[in-house]
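What follows is a single structure, written as structure tokens, with notes after it.
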Amino acid sequence: MGKNSAIKVTIIVILLLPLFLLAKPPSPQKQKTVQAIRANGPIRIDGVLEENAWQEKAYNDFVQSDPTDGAEPTEKTEVWVAYDEKSLYVAARLYDSQPELITRRLGRRDDFVDSDWFIFAVDPYYDRRSGYQFAVNPAGSIVDWTLYNDEWNDTTWDGVWEWKALIDEEGWTVEIRIPYNQLRFPKKDEYVWGVNFRRVIKRKNEKICFVWVPKEDSGYVSRFAKLLGIHGIRPGRHIEFLPYSVAQAQYSPEESGNPFETGKKYLGNTGFDLKIGLKSNLTLDTSVNPDFGQVEVDPAVINLSDFETYFSEKRPFFIEGSNIFDQFGRGGATSSVNINWGSPSLFYSRRIGRAPQGYVEQDGYVNFPDRSTILGAFKLTGRVGKGWNIGFINALTAREYAEIDSGGERFKEEVEPFSYYGVLRTLKEFNEGKQGLGFIATSVVRNLSNENLEGILNKNAFSLAIDGWSFLDKDKTWVLGGWFGGTRVEGSQSAILELQESSLHYYQRPDATHVEVNEDATSLSGWVGRFYVNKQKGQFLFNAAVGALSPGFDPNDVGFQFGMSDKINAHLLLGYYWPHPGKIFRSWNIYGGPFRNYDFGGNKTWDGYLLAIEGQFLNYWGFNTMLAYNPQTISNTLTRGGPLALIPSGYEIDFGLNTDSRKPIVISAHGNHYSRPTEGYSWHSCISLRWKPISNISFSFHPNYNVRRSDVQWVTRVDDSLMTETFGTRYIFAGFFQRMLSSEIRLNWTFNPKLSLQLYLQPLLAVGEYDQFKELARPKKYEYNLFGEDGSTISYSDADEEYTIDPDGPGPAPSFAFANPDFNFKSLRGTIVLRWEYLPGSILYFVWTQNRADYAHPGDFNFRRDLGDLFTAPGDNIFLIKISYRWNI
């Protein structure tokens, strides 16, 4: 697929584009209204609908969305809304002709288990873009969300509200009480809010809703019914004081002679969080001596690339309400598509409190801190002025020291400076979300009083970017959006030099004509932009985007970038969606198109075409498949700062299948094959087994097996002025064969909606074997000099565990050596968490975490032996007790 293929794709796009432009979206539905009832007496949340408010006329005109879109529901549902001076109340009577078959599963909070559900959603701002959502199932399990960008949701918010569900001979009932201090809304004489109600009947895979949105259409919050009749109330003042205390015992193998590894450590800490509702629209979260540890461990990974691994945030302070930051650059469009574009994040909260970045120069035993202490942090979220959403985070981290013991003498070395982190995000939506405009600004300021740290860390780092969108038509079918911004980092000459030569930039590339290293620079700046067009409605799908990362762009002091800067990216996707049952499929969609990357030197660094089909069969089994082809391209990262290298053409096949989620045993399988016939291949296969033996226990087993073979795996680089073809450096590669077997095992045992036990276990076996060592012969060619041929020699020393290579035998080129890169990494990570919410918002945790690893037999894979080595390897055990208590002032 070369130039002619690109021309054919362009012609097809031109021919099909009128179909997408002329296709009319479904006609909008008339907006419903719901009248709130003023409660004349107390409403007891017990699931018994005996209060006067629930004797009024109910709302029951629901519409089915699944399995038949737009059909009448098979079971009747009635709902009411009431209110008093302090709270909003919701009641539902969910009739069921076979109440003994109601699916009732217990699950942890925010675990949307396979069960019947009743869901209530409210938009108290009535901005028709955001809101809150509350779900209760027949067993009393709950989920709550915040809603944003019309169709998106975030389960990290945990409100404090009351609920009760009861099953009886007619079906089941739900009562909900939501205090006003859990909702944000401005004070008014009379209120108009948006509401919706939904129901899931799991055994029938039926979903019904009060406000029906056809599947060809889009929108959720913007379609809510009007809730009228609420007046004479005031937004509740919300003040929460949440002190905590934590005790930890760590047990690890004792290291002889090491005074820091005696086999046991005991730690304790205490602090508090304070949440204050400022007026009605803002919430201030502040922490003093916060506990920013996480309960669940990060998964073990094998990373052979030159870029860091991304781990998700798991600390409650940062994940709650994070959507104001996460939404940056993605607003307006209901689908965000990125093909070979790792969209950079200007704020990655795990930078705050990260592991110290310094190192120790002195010899001896070292006690190195595993994280930076967060002295204090505050977060301000909500709305100010005329509808500006705001998110503001400030945090201070302490100066950290490593303690060294050298021959009995103790001293300390600074490994992380005192630092300030700041993030400000605002967003304003206009005309009920038809347009939006916002910005984000970040800053990192470090007090670099240590010479070693000054040489490797940036002193200051700043970023500023704007984002926005605008719908192009009154029906909100087409949306244009994007974002643009820049970064600037400042530091010493050595720190900026190191940054220029890092994997994010590779300014030292010898054949690059558009970048070069500046050894005198004390700052580095760059810009980024991304713009997209998306079709939101109808059965014809359209998405296109173009973006660019300048060579100097670097958000990594408080953000995260996937891959190298110096990138220009674009894609075009066309597709068709059929949401209605037919003879074979219940629903399906197909899409595909071209994508391409360049660097700022004009080199085509990635190219391809994809076609994907996914859907659901009539028996509720789902499937997805994808085919992709990548023509020959040029890599500016394979040599890790060296010259350009040719990447042969390749193809990818991807397939997945999953069974009906209603069954006690649910299975899903996925397979992926990528091949470059002249360079190598990879296989990835996984099976997921989820077993639900009884209503309060679920067990999942998710094994993965990966095989990868490559003829050009990076090993190292060696300076040699005689290697003029590659600019005075030898870039060493090898044949590589990797096998990796891993699994995720989870057990969820929910005793009641507030008491649960969770087990997580991740065993990992990863073996990599290197052979056929070689060097790049010349840039932009798939040509390599194999060591051991054409006069070169290669030898291996078992004693030193290293290879010695003479690239030209008796010739003048010097020989060199490098360590054997083979590996055999075995890891077992697991945690058991007992969580008890003994009072609303007050939680007690008991946690046991274990980590163990083994590295024996590098390059040699033997499942039985390696698994035995793993389970007999010494491990670290951590026992933790944490208790918090919520005072609602």
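So here's what we get for this one:
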item: Residues satisfying the stated conditions in the range 66-83, i.e. modelled with pLDDT under 95 and either over 30 Å from L618 (Cβ atoms) or not in a loop (DSSP other than H, G, I, E, B) (or both); result: D66
item: Residue among N447, N367 that is open to solvent by 50 Å² or more (accessible area, probe 1.4 Å) and touching a residue at least 60 places away in the same chain (Cβ under 8 Å); result: N367
item: When residues of the range 612-641 are limited to those that are hydrophobic (A, V, I, L, M, F, W, C) and in a loop (DSSP other than H, G, I, E, B), the one nearest to T678 (Cα to Cα); result: L638
item: Cβ-Cβ under 8 Å pairs, at least 6 apart or on other chains, the range 518-534 side among the basic types (K, R), far side assigned to a loop (DSSP other than H, G, I, E, B); result: R530/G329; R530/W341; R530/S343
item: Every residue from the range 84-97 that is surrounded by fewer than 17 Cβ atoms within 10 Å (Cβ to Cβ), assigned to a loop (DSSP other than H, G, I, E, B) and not basic (K, R); result: E85, S97
item: Selection status of S287, open to solvent by 50 Å² or more (accessible area, probe 1.4 Å), among the small types (G, A, S) and touching a Gly at 6+ places or on another chain (Cβ under 9 Å); result: no
item: Candidates I687, I732 - the one that is among the β-branched types (V, I, T), surrounded by fewer than 19 Cβ atoms within 10 Å (Cβ to Cβ) and in a strand (DSSP E or B); result: I687
item: The range 308-338 - residue that is in a loop (DSSP other than H, G, I, E, B) and of a type in the set (S, T, N, Q) and, of those, farthest from the chain's Cα centre (by Cα); result: T334
item: Those residues of the range 217-241 which are among the small types (G, A, S), in a loop (DSSP other than H, G, I, E, B) and either touching a helix residue (DSSP H, G or I) at 6+ places or on another chain (Cβ under 8 Å) or under 19 Å from N40 (Cβ atoms) (or both), in sequence order; result: G232, G236
item: Any chance L267 is open to solvent by less than 50 Å² (accessible area, probe 1.4 Å) and at pLDDT 80 or above; result: no
item: Residue count, the range 451-479 (criterion: open to solvent by less than 40 Å² (accessible area, probe 1.4 Å), of a type outside the set (A, V, I, L, M, F, W, C), more than 26 Å from K537 (Cα to Cα) and not in a strand (DSSP E or B)); result: 2
item: Within the range 290-342, considering residues that are in contact with a Lys or Arg (Cβ under 7 Å, 6 or more places away or on another chain) and modelled with pLDDT of 85 or more, the one surrounded by the most Cβ atoms within 10 Å (Cβ to Cβ); result: G329
item: Every residue from the range 577-603 that is assigned to a strand (DSSP E or B) and open to solvent by 60 Å² or more (accessible area, probe 1.4 Å); result: W578, F585, W588, Y591, R596, Y598
item: Test: S280 is open to solvent by 30 Å² or more (accessible area, probe 1.4 Å), polar (S, T, N, Q), at pLDDT below 90 and in a loop (DSSP other than H, G, I, E, B); result: no
item: From F553, F562, F531, F542, residue being assigned to a loop (DSSP other than H, G, I, E, B), of a type outside the set (D, E) and either crowded, with 23+ Cβ neighbours inside 10 Å or over 21 Å from the mean Cα position of the chain (by Cα) (or both); result: F553
item: Within the range 339-366, tally of residues that are basic (K, R) and under 14 Å from the mean Cα position of the chain (by Cα); result: 1
item: Residues satisfying the stated conditions in the range 158-176, i.e. in contact with an Asp or Glu (Cβ under 6 Å, 6 or more places away or on another chain), under 21 Å from I843 (Cβ atoms) and crowded, with 17+ Cβ neighbours inside 10 Å; result: G159
item: Filtered residues of the range 169-197 (kept if of a type in the set (D, E, K, R) and under 27 Å from E837 (Cα atoms)); result: E175, R177, R184
item: Residues that are among the hydrophobic types (A, V, I, L, M, F, W, C) and in contact with a helix residue (DSSP H, G or I) (Cβ under 8 Å, 6 or more places away or on another chain), drawn from the range 749-794; result: L765, V767, L776, A777
item: All positions within the range 394-450 that are within 28 Å of G331 (Cβ to Cβ), of a type in the set (D, E, K, R) and modelled with pLDDT of 95 or more; result: R425
item: Failed item, numbered, when G491 is tested on (1) surrounded by 22 or more Cβ atoms within 10 Å (Cβ to Cβ); (2) of a type in the set (G, A, S); (3) within 23 Å of the chain's Cα centre (by Cα); (4) farther than 30 Å from E725 by Cβ; result: (3)
item: Residue, surrounded by the most Cβ atoms within 10 Å (Cβ to Cβ), within the range 370-393, restricted to residues that are assigned to a loop (DSSP other than H, G, I, E, B) and under 29 Å from the mean Cα position of the chain (by Cα); result: S372
item: Hits in the range 38-55 (condition: closer than 19 Å to I233 by Cβ, part of a loop (DSSP other than H, G, I, E, B), open to solvent by 40 Å² or more (accessible area, probe 1.4 Å) and of a type outside the set (S, T, N, Q)); result: P42
item: Verdict on R829 being open to solvent by 50 Å² or more (accessible area, probe 1.4 Å), basic (K, R), under 30 Å from L242 (Cβ atoms) and within 43 Å of the chain's Cα centre (by Cα); result: yes
item: Every pair of residues 6+ apart whose Cβ atoms lie under 6 Å, when the first sits in the range 836-862 and is farther than 30 Å from K754 by Cβ and surrounded by fewer than 17 Cβ atoms within 10 Å (Cβ to Cβ) while the second is modelled with pLDDT under 95 and not hydroxyl-bearing (S, T, Y); result: A856/D869
item: Members of the range 228-249 found to be under 19 Å from W161 (Cβ atoms), among the hydrophobic types (A, V, I, L, M, F, W, C) and touching a Ser or Thr at 6+ places or on another chain (Cβ under 8 Å), listed by number; result: L242
item: Subset tally (residues that are open to solvent by less than 40 Å² (accessible area, probe 1.4 Å) and either free of Cβ contacts under 8 Å to residues at least 12 places away in the same chain or among the aromatic types (F, W, Y) (or both)) for the range 343-364; result: 2
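Listed here are the residues, each with its yes/no results for (1) under 30 Å from N636 (Cβ atoms); (2) assigned to a strand (DSSP E or B); (3) within 43 Å of the chain's Cα centre (by Cα).
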site: E744; (1), (2), (3): no, yes, yes
site: Q758; (1), (2), (3): no, yes, yes
site: L761; (1), (2), (3): no, yes, yes
site: E769; (1), (2), (3): yes, yes, yes
site: Y782; (1), (2), (3): yes, no, yes
site: Y803; (1), (2), (3): yes, yes, yes
site: D808; (1), (2), (3): yes, no, no
site: G811; (1), (2), (3): no, no, no
site: A817; (1), (2), (3): yes, yes, yes
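The values are calculated or read from the model by the stated rules, or taken from the named source; none is laboratory data. Source: prediction; values computed, not measured. In this analysis, Cβ positions are derived from the backbone assuming ideal geometry, glycine residues included, and neighbour counts consider all displayed protein chains. To get the accessible areas, we keep the full protein, side chains included, count just its heavy atoms, and leave off ligands, DNA and RNA. Shrake-Rupley method; radii C 1.70, N 1.55, O 1.52, S 1.80 Å.
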